[in-house]
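Everything on this sheet refers to the single structure shown next.
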Amino acid sequence: MRRTLTLTAALAATLALSLAQAKDITVWVIDGTSERPYFLQLEKAFNAANASKGITAKVTPIPNINDALKAGFLSKKLPDVIMLDGPNMANYVWSGQLTPLNSYLDKAMLSDLLPAIRAQGTYSPDGKMYSVSPYDSTVLLWGNKKYLKAAGVRIPKNVNDAWTLTEFQDALSKLSKVKGVTWPLDLKLNYSGEWLSFGFAPLLQSCGADLINRKTWQATGTLNSPASVKILTTLQDWKNKKWIVPQSGGDNRFYGDKTAALAWVGNWMWRDHKAGLKDDLVLIPAPKFCGNKQVSPNGGWSWAIPASSSNKADAGTFINFAMSTRQVAQYADITGYIPARKSATPLSKVYGKGGEGELMAEQAATIAVVRPVYPAYPVISKSFGDAVLNILNGANVKSELDKAAAAIDKDIAANKGYPPFGK
Amino acid sequence: MQSQSPQVLVAKSKGKSKDKRQSLSEELLLLLPATVLLVGFLIVPFVMAIYLSFTDQRLIPNPVPTGLVGFQNYVQILTDPEFWQAFRNTAYFALLVVPFQCGISLLVAVFLNSNFPLRSFFRSMAILPLMTPMTVVIVIWSAFYRIPDGLFNNLIKAFGASTYVDWLGSAAWAMPAIVLLSAWATFPFQMLLYLAGLQDIPSERYEAARIDGANGWQQFWYITFPGLRNTNILVLITTTIGAFKLFTQVDILTRGGPIGSTNTLVRYMIQQGYSSQLVGYGSAMAVIFVIIVGALAIFQRVLVKNE
């Protein structure tokens, strides 16, 4: 009797001990159809590789993750690892929500990252890295070969021989007359939020303007400069000519009912476009909107560790695993995004030499401009996005840009210039 | 047996007062849950909103400390063109939707109150929209408004139109389109109120009117409508308040566009307070919103006196 008791006690003690040792890291990731299979795979692979060390990860896709993160920061109930949209990092760091990753991350991995991805994750006041993205993204034109041939326009093959603005407009004009085409260009106006600044800032940037002056951190004079007004007036003109799929046109005009001939959108539409158009799908580099200059946006959702996590070392282990060459290549092949590590690109079927996505990798390496890494970014993005939508709906270009610039500068002033920025 | 001794009387009266005290404490106990909920979820948040409206509080605490700013938020709101646009849009929506929705629900209620075969079947059919979640209604209706080939565009094509209307994408049509959807989605609530009101009108009045030779329209105008007086006041006030809370439809369908033409007070408030993280500014707007809606309810109440 006594023996059994001791035995049970010993058993219970071991059980308690092993329970205490088994560390569960909780991970919040974005909830996307193309990403879900990747995350399932990641969780399984990580747990298989780390079970012997007693570390397991629970990966949960979170719908509306931006809102969930805000709520989590407020209630101090955040997991050990989160995914956040790259350009929001500076705002989170500024309000003290994130842990610097430098001491947890693998040095070899850091030096292998694409420069623009490193730039996206680095906070300039302390030069530390707070977020790291497994992938890069880009925006280019996707075309329907059948319509382009019917219109008789040249199809550019690489970044250097991209369309000039005149050529692009000529193509739109010709395409609008092709049978079956209702609108020559789909700008994805059905999207909201970050797309509007992600997709349309390159127009300003290739014309010498920007969302904000990156030295003085003031929007007035840069966002509403004559160059911005000019290119966005051109865009409005296309809308008036009914060349652009309207906002209520829905998502699938280009690859579904094929009433649009071209689409200006990022690589996340890869699968849908491929499935809808098959061999008719052709990738066209970002046009030279002003003179000889072209720009594409970059970056995306990144791994980060909340300051509130009590398990930072293991969180670091998880991020290093997710950023391993193999995992990064898997992310690219499963979701269609560009690998963020140079050494992962050759492993990827899509982005390696001769792969179908080579042009996207080329854009990411040559013409990508990182979004302003600045705490006011959420306001910058929203104000510019609203302005773009209003301009496309017929509002006065100059006054919309003035309004957006004023709103951004007002926010910066309200936060006393986001110290230590501007010091 | 019949006469009671004084002692018994005293004991009885004592028992009575004890009963009273007991029932009072029981009543208080019964009131407790409702009071806790009301104080916790209505009064405390509102008092907090009033306090926050005088500060520059941000949603997520940050290195710049929160400070008291006096009436600055209120001054800013009253000179904010976007706030006034949202106010005009909301008033416009209410102006369109309230008579339209009340009319439809009264019409359907009168119809469902009359005698016809399969009446209960139609009655349950009529409240279906109310049981469908608003988000689902919106998904269905966005297909109706789709361009170039949604239901409504096919309809106008059938009537000979040669082009399509971008219902949700044009500043002129977006709000009427939202009105139609909203009226359809929520009219059963008013209809139920009217149905209850109709059943309160004594049938003798109609009998008497018929004997006097009144036709259907006269019966409606001289008996039904006056008989619904109190119901009308209730429906009018609840519908107007409901209209001022317009949010889900415009947030999902038009995101306040085009060019802010469907942005409403509640949507603008949430955008400022949550998306832009300006809790102080959003709170001030919430206080103004409560004042507007409260004033409207009182105004309507005075205008159509309750009997």
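Restricting to segment B:246-288, name every residue that is part of a helix (DSSP H, G or I) and hydroxyl-bearing (Ser, Thr, Tyr).
Going residue by residue through segment B:246-288, those that are part of a helix (DSSP H, G or I) are B:248-253, B:265-275, B:279-288.
Once the filter is applied, which keeps residues that are part of a helix (DSSP H, G or I) and hydroxyl-bearing (Ser, Thr, Tyr), segment B:246-288 yields B:248, B:268, B:274, B:275, B:281, B:283.
Residue A:113 meets the stated requirement of being more than 19 Å from residue A:197 (Cβ to Cβ) and touching a residue at least 40 places away in the same chain (Cβ under 8 Å). Checking each residue in segment A:73-90 for being surrounded by fewer than 16 Cβ atoms within 10 Å (Cβ to Cβ) and among the polar types (S, T, N, Q) picks out only A:75. Kindly evaluate residue B:273 against the criterion of being crowded, with 18+ Cβ neighbours inside 10 Å and either at pLDDT 90 or above or within 30 Å of residue B:61 (Cβ to Cβ) (or both). The answer is yes for residue B:273. Of all the numbered requirements in (1) at pLDDT 95 or above; (2) in contact with a Phe, Trp or Tyr (Cβ under 6 Å, 6 or more places away or on another chain), residue A:80 misses one, and that requirement is (2).
Among the residues in segment A:91-108, are any among the basic types (Lys, Arg), at pLDDT below 95 and under 19 Å from residue A:316 (Cα atoms)? Step through it out loud before you land on a result.
So the first thing to find is which residues in segment A:91-108 are among the basic types (Lys, Arg), and the list is A:107.
When the remaining residues are screened for being at pLDDT below 95, the result is A:107.
Within this subset, residues satisfying the condition of being under 19 Å from residue A:316 (Cα atoms) are A:107.
For segment A:91-108, residues among the basic types (Lys, Arg), at pLDDT below 95 and under 19 Å from residue A:316 (Cα atoms): present.
Annotation: residue A:75 fulfils all but one of (1) within 14 Å of chain B (Cβ to nearest Cβ); (2) closer than 30 Å to residue A:357 by Cα; the unmet one is (2).
Among the residues of segment B:91-109, not a single one is touching a Lys or Arg at 6+ places or on another chain (Cβ under 6 Å), assigned to a helix (DSSP H, G or I) and either within 14 Å of chain A (Cβ to nearest Cβ) or over 18 Å from residue B:273 (Cβ atoms) (or both).
Of the helices (runs of 4 or more DSSP H) contained entirely in segment A:80-190, not one carries at least 2 residues that are under 25 Å from residue A:275 (Cα atoms) and within 16 Å of the chain's Cα centre (by Cα).
When residue B:94 is tested against the conditions (1) of a type in the set (A, V, I, L, M, F, W, C); (2) more than 21 Å from residue B:235 (Cβ to Cβ); (3) at pLDDT 90 or above, the lone failure is (2).
Would you confirm whether any residue within segment A:389-402 is in contact with a helix residue (DSSP H, G or I) (Cβ under 7 Å, 6 or more places away or on another chain), closer than 30 Å to residue A:42 by Cα and of a type outside the set (Lys, Arg)? Break it down into steps so the answer makes sense when it comes.
Of all residues in segment A:389-402, those in contact with a helix residue (DSSP H, G or I) (Cβ under 7 Å, 6 or more places away or on another chain) come to A:389-392, A:397-398, A:400-401.
In the following step, the residues that additionally are closer than 30 Å to residue A:42 by Cα were identified as none.
No: segment A:389-402 contains no residue that is in contact with a helix residue (DSSP H, G or I) (Cβ under 7 Å, 6 or more places away or on another chain), closer than 30 Å to residue A:42 by Cα and of a type outside the set (Lys, Arg).
Screening residue A:243 against (1) within 14 Å of chain B (Cβ to nearest Cβ); (2) more than 26 Å from the chain's Cα centre (by Cα); (3) open to solvent by less than 30 Å² (accessible area, probe 1.4 Å) leaves a single unmet condition, (1). For beta carbons closer than 7 Å, sequence separation of 6+ or different chains, a first residue in segment B:64-79 that is away from every other protein chain (no Cβ under 12 Å) and farther than 11 Å from residue B:54 by Cα and a second that is open to solvent by less than 40 Å² (accessible area, probe 1.4 Å) and not in a loop (DSSP other than H, G, I, E, B), the qualifying pairs are B:77/B:83; B:77/B:284; B:77/B:285; B:77/B:288. Here the helices (runs of 4 or more DSSP H) wholly within segment A:321-423 that include at least 1 residues being within 14 Å of chain B (Cβ to nearest Cβ) are A:377-392, A:397-414. Taken over segment B:229-269, the criterion of being within 11 Å of chain A (Cβ to nearest Cβ), open to solvent by 50 Å² or more (accessible area, probe 1.4 Å) and within 21 Å of residue B:135 (Cβ to Cβ) is satisfied by B:251, B:252, B:255. Has segment A:55-72 got at least one residue that is part of a loop (DSSP other than H, G, I, E, B), surrounded by fewer than 19 Cβ atoms within 10 Å (Cβ to Cβ) and not small (Gly, Ala, Ser)? Yes: segment A:55-72 contains one or more residues that are part of a loop (DSSP other than H, G, I, E, B), surrounded by fewer than 19 Cβ atoms within 10 Å (Cβ to Cβ) and not small (Gly, Ala, Ser).
The values are calculated or read from the model by the stated rules, or taken from the named source; none is laboratory data. Note that the structure is predicted; figures quoted are calculated from it, not measured. Cβ: placed from backbone, ideal geometry, glycine included. Neighbour counts: every protein chain shown. For accessibility, only protein heavy atoms count, side chains too; no ligands or nucleic acids. Shrake-Rupley method; radii C 1.70, N 1.55, O 1.52, S 1.80 Å.
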